[in-house]
């Protein structure tokens, strides 16, 4: 009888631990401030805000605060959505580049 109670307690503990692992948030699910996202992506905060404005990165709002989901930022960086087309930029004349930059 004592062995059965001990086994039940052990099984219950293992099940609780496994459930805790399944429901615990992963680091990929964390929400970053624009400053933390910029640091993570090694870009300026303005770049993160521009990516949000351009629709490349979805914002998550908490009142007035804007947050970025780490997994979405990683996915965007991996897909190259934030990268400029370097071949196109290199082929531009300085005048065309100035027109594009200072519209």
(message) Ranking request for peptides 68-78, 39-49: highest mean number of other beta-carbon atoms within 10 Å first, then the rest in descending order.
(response) 68-78, 39-49
(message) Sequence gap at least 6, Cα distance under 8 Å: using those rules, report the relative contact order of region 26-86 to the nearest whole percent.
(response) 38
(request) Could you list 7, 57 in order of exposure, starting from the residue whose Cβ has the fewest other Cβ atoms within 10 Å? (result) 7, 57
(request) Report the full-extension gain for the segment residue 29 to residue 71: residue separation times 0.36 nm, less the Cα-Cα distance, to one decimal in nm. (result) 14.5 nm
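Where a number appears in this text, it was derived from the coordinates with a stated rule and is not lab data. Quick caveat: nothing in here was measured; it's all calculated off a predicted structure. FYI the Cβ positions are ideal-geometry reconstructions off the backbone, even for glycines, and counts take in every protein chain you see.
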